[in-house]
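Single-structure report; data block below.
The values are calculated or read from the model by the stated rules, or taken from the named source; none is laboratory data. Just so we're clear, the structure is a prediction, and the values are computed from it rather than from any experiment. Using ideal geometry, Cβ is built from the backbone for each residue, glycine included, and neighbour counts are taken over all protein chains shown.
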Amino acid sequence: MATRQLAPGRMPWRGLFVSSISTQCGSSSDLFDVSALLRLGGAKAALDYLDSRQGRDGFLDSSTLARLLLDCGRSSALAEGRRVHEYVVRSRFVRDAFLGNHLVHMYLKCQSFDEAERVFQSAACESFDVATWTAVIVARAGLGKWKLVFGQLDEMDRRGIPPDRVMIKTLFTACTKLGALEEGKLIQDRLAGTQLELDIGVLNLTINMYVKCGCLDGAVQTFARMKRRDVVSWTVMIGAYSQDGKFSLSIQLFREMLLEGTAPNSVTFVSILSGCEAPSLLEQGRQIHALVVESSLESHVVVANSLLGMYSRCRSWEDSRSLFDRMSIRNSVSWSTIIMAYEEFTGVTRTTGIFREYSMAWLSCSIHWYWNSTFF
C-alpha cells in the first residue's frame, strides 16, 4: 500500500524544524511530531517515527490515536491499522469507548471483518455508539450473517439502544441486494410501534425490497398503509405494476399520483412507458408523451429513448421518426431503437434505405468520439 510522500524540496527544512522543536520541548513536542508526520506522510510515516522512539509511547493521547486510525481506514492500510491497535493496547486508553469505535470502523473499512468482530465482542471497550452498532450490523448483513444481525438487534433492545434511520434503511438495502425477503419481513415487523414504522424513506425502501424480491403483494400492502407518499413511492409501485404486465393498474396509479399533486420525474415516465407495449395502448402512450413534453423532459435522452421504445412496440413508425428527428441528444440506444423499428416496419434490408442513412451517421459519430478521445 503506497503512502503519501512529503513534498519534494520541502522535507529537509520541515525535518530540521520538527527536530529542533523536539529537542527544546521534550515529550509535548512528540505529539507535534506525530501530527506533522501524519499530515504530511500519512499513518506509516507517523508510526515509523513512533517506533523510533523506542517504546516512549506514553505521551500519546486518544485524539492522536483516533486520527491515526482514521487515516488507516481512509487509505485501507490494514498493516498500519494493526500497528496503531498495538499502541492502543499498550496505552492507558485501552478501555476507551471512543477509540473502540474507531478501531471497529478502521477494521471494517480495511475489509477485515473478523478483526472488527473481535474488537466489537471483546470486553476491552465498555460501550459503542449507534454508528458503530450500525456499521457492524451492516457488515454482518452484507455477509449474509442474519442470525448475528438479529442477535445484535436483540442486544440493542436489551441495552436500550434504539436503531436509527440509517441502520434500518441500510438493512433494507442489504435485503434487496441479497434477495433476503424473509429477513426483510422480520425487520419490518420490528418497526411496529416505532417512529420509523411510518418513515417515508424507510417505507420506500421496504416497498422496493418487496418488488425486487418478487413479492408484489407485500409491496401493495405496504404502499396502502402509507399515510404520506412522495414521487419515489409512486414510481416504485408504478414500475412494479408495469414490470408485472399490469399496465392498467400502472396507469390507474399514475393518474392517482397526478390527482394528489405529485409531479412525475424522469424515472416515473420511464417506469410507466416500459409497460406500454401493444398497439392498443398507443393512444395512452401519446397522452403520456404529452405529459412528458409538459414536464419539459422530452429532451432527457433516457426519457426520449423510452418514448422511442414505446412507439416501436406500439408499431407507430411515424411517431418514432418524428420524435427521433427532434432529439437534440442521441446515444447508441436511440440509434439502435430507430434502426430496429425501421427494419420491423418496412422490412427493408440492412443495406438500403434509411438504415444506411442512420448507420452512416452513427458511424460518423463513433469515429468522431474515438478521434477526440484518442488524440486530444
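Structure notes:
- Residues that are crowded, with 19+ Cβ neighbours inside 10 Å and within 17 Å of residue 211 (Cα to Cα) within the range 248-268 comprise 250, 253, 268, listed in sequence order.
- Check on residue 98, part of a loop (DSSP other than H, G, I, E, B), free of Cβ contacts under 8 Å to residues at least 40 places away in the same chain and not basic (Lys, Arg): no
- Scope the range 290-326; condition in contact (Cβ under 8 Å) with a residue 12 or more places away in the chain and either more than 20 Å from residue 268 (Cα to Cα) or in contact with a Cys (Cβ under 6 Å, 6 or more places away or on another chain) (or both); matching residues: 310, 315, 316, 317, 319, 320, 321, 324, 326
- Only residues that are outside the structural domain of residue 344 (by TED's automatic domain parsing), assigned to a helix (DSSP H, G or I) and of a type in the set (Gly, Ala, Ser) were counted in the range 265-320, giving 5.
- Within the span defined as the range 349-372, every residue fails to be crowded, with 18+ Cβ neighbours inside 10 Å and modelled with pLDDT of 80 or more.
- Within the range 224-259, the set of residues being under 14 Å from residue 270 (Cβ atoms), out of contact with any Phe, Trp or Tyr (no Cβ under 6 Å at 6 or more places or on another chain) and of a type outside the set (Phe, Trp, Tyr) comprises 231, 232, 235, 236, 239, 240, 242, 243.
- Looking only at the range 51-82, and only at residues there that are modelled with pLDDT under 75 and assigned to a helix (DSSP H, G or I), the one that is surrounded by the fewest Cβ atoms within 10 Å (Cβ to Cβ): 52
- Scanning the range 192-238 for residues that are more than 14 Å from residue 173 (Cα to Cα) and either touching a residue at least 60 places away in the same chain (Cβ under 8 Å) or in a loop (DSSP other than H, G, I, E, B) (or both) returns 192, 193, 194, 199, 214, 215, 226, 227, 228, 229, 230.
- Neighbours by Cβ (under 6 Å, 6+ apart or cross-chain): first from the range 258-285, closer than 20 Å to residue 318 by Cα; second among the hydroxyl-bearing types (Ser, Thr, Tyr) and surrounded by 18 or more Cβ atoms within 10 Å (Cβ to Cβ): 273/306; 274/242; 282/316
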